[in-house]
Amino acid sequence: MPENRGGPVGESARDAHVDVTLPSAARMYDWLLGGSNNFLADRLACEDLLKTAPSTRELALNNRAFLRRVVRSIAEDYGIRQFIDHGSGLPTQDNVHQIAQRIDPSCRVVYVDNDPIVLTHGRALLDENDNIAIIEADMTETDYVLGHEKLNSLIDFSKPVAALFVSVLHCIADDQGPADAAKGPAAMIRRTAERLAPGSVLVICQLVSDDPEIRAAVTELMDQQTQGHWGAVRTQQDVRSYFEGLEIQPPDLLDVTDWRPDSELLPRQTSQEWIEYGGLAVVPEGYR
């Protein structure tokens, strides 16, 4: 569940300070995956979260496995060689470019995030090859992201592109009216899809729960822990509405643990307080 969070990184902000006492959803996700790019505040926040939703560690591991499967499928089954990973989170094993470039080394990947530690660690990936870029940006600023010089140096919008929104939409608040109508998940996805060539794909998934008490409790907890840098746990119908006008691909929208499963053995959630729900869709001709 990576998070877009502004802060001090990059050449223009070398001396800025990262507040390590404030949990970050990106670093919490890193801890749940067994990573080391996190701080005490993140670990304590995870412990609180696990009291409310004990299955969250298994959910995070299965979500990462979904990312591996869906990127492989996009490259192998759909023949797409261009990826934009929105809210990419901290680098870990099997990042998008590593998965895609095992299939075709010419695959190009642009990562978009604005968490300071994500960007600091992510820039080390640039040494791996010339077919990846990292953009410091709020992923809801679609025009800025898709118009960015670095992105356009790698991505050819006349050809199909894969736009990934994997486990990030719960970090974005819903539209609250005209003043921020462009900031919500639905508007962001629609704007992105409108810019992509027919045959492009979108991967969309986020945390959902059928239990209104769980949705309220986790949303309140995460909002407090991150001091407002959180969106909402939503319903399956909310997520399905993000796919309006797109061609949802088999096996439809579902718990991503069950999306085109392979032989990889992973821990199953022993409880279902919440799940990661979503899938893959194609941009059809005439999408608007």
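The values are calculated or read from the model by the stated rules, or taken from the named source; none is laboratory data. Bear in mind that the values here come from a model prediction, so they are computed numbers and not experimental data. In this analysis, Cβ positions are derived from the backbone assuming ideal geometry, glycine residues included, and neighbour counts consider all displayed protein chains.
Values as computed for the structure displayed
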{"read-out": "Qualifying position, being among the hydroxyl-bearing types (Ser, Thr, Tyr), touching a residue at least 60 places away in the same chain (Cβ under 8 Å) and closer than 21 Å to ALA281 by Cβ, among SER209, SER167", "value": "SER167"}
{"read-out": "Residues being of a type outside the set (A, V, I, L, M, F, W, C), modelled with pLDDT of 80 or more and assigned to a loop (DSSP other than H, G, I, E, B) - total across segment 12-44", "value": "8"}
{"read-out": "Subset of segment 45-63 (residues that are closer than 20 Å to TRP230 by Cα, part of a helix (DSSP H, G or I) and in contact with a Ser or Thr (Cβ under 9 Å, 6 or more places away or on another chain))", "value": "ALA45, CYS46, LEU49, LEU50, LEU59, ALA60, ASN63"}
{"read-out": "Count of segment 128-171 residues which are surrounded by 22 or more Cβ atoms within 10 Å (Cβ to Cβ), β-branched (Val, Ile, Thr) and assigned to a loop (DSSP other than H, G, I, E, B)", "value": "2"}
{"read-out": "Single unsatisfied condition, ASP238 versus (1) touching a helix residue (DSSP H, G or I) at 6+ places or on another chain (Cβ under 7 Å); (2) at pLDDT 95 or above", "value": "(1)"}
{"read-out": "Candidates LEU119, LEU126, LEU151, filtered to the one that is at pLDDT below 95, more than 20 Å from LEU246 (Cβ to Cβ) and over 16 Å from the mean Cα position of the chain (by Cα)", "value": "LEU126"}
{"read-out": "Which listed residue, of ALA187, ALA217, is at pLDDT below 95, in contact with a helix residue (DSSP H, G or I) (Cβ under 6 Å, 6 or more places away or on another chain) and either over 17 Å from GLY87 (Cα atoms) or in a helix (DSSP H, G or I) (or both)", "value": "ALA217"}
{"read-out": "Within segment 232-250, tally of residues that are over 18 Å from the mean Cα position of the chain (by Cα) and either part of a strand (DSSP E or B) or among the hydrophobic types (A, V, I, L, M, F, W, C) (or both)", "value": "3"}
{"read-out": "From VAL203, VAL161, residue being touching a residue at least 60 places away in the same chain (Cβ under 8 Å), under 17 Å from the mean Cα position of the chain (by Cα) and closer than 29 Å to GLN272 by Cβ", "value": "VAL203"}
{"read-out": "Residues being in contact (Cβ under 8 Å) with a residue 12 or more places away in the chain, charged (D, E, K, R) and surrounded by fewer than 22 Cβ atoms within 10 Å (Cβ to Cβ) - total across segment 20-63", "value": "4"}
{"read-out": "Residue count for segment 58-78, restricted to those that are modelled with pLDDT under 95 and more than 16 Å from the chain's Cα centre (by Cα)", "value": "1"}
{"read-out": "Single unsatisfied condition, ALA281 versus (1) within 19 Å of the chain's Cα centre (by Cα); (2) under 27 Å from ASN38 (Cα atoms)", "value": "(2)"}
{"read-out": "Residue match in segment 240-251 (condition: over 19 Å from ALA162 (Cβ atoms) and surrounded by 15 or more Cβ atoms within 10 Å (Cβ to Cβ))", "value": "yes"}
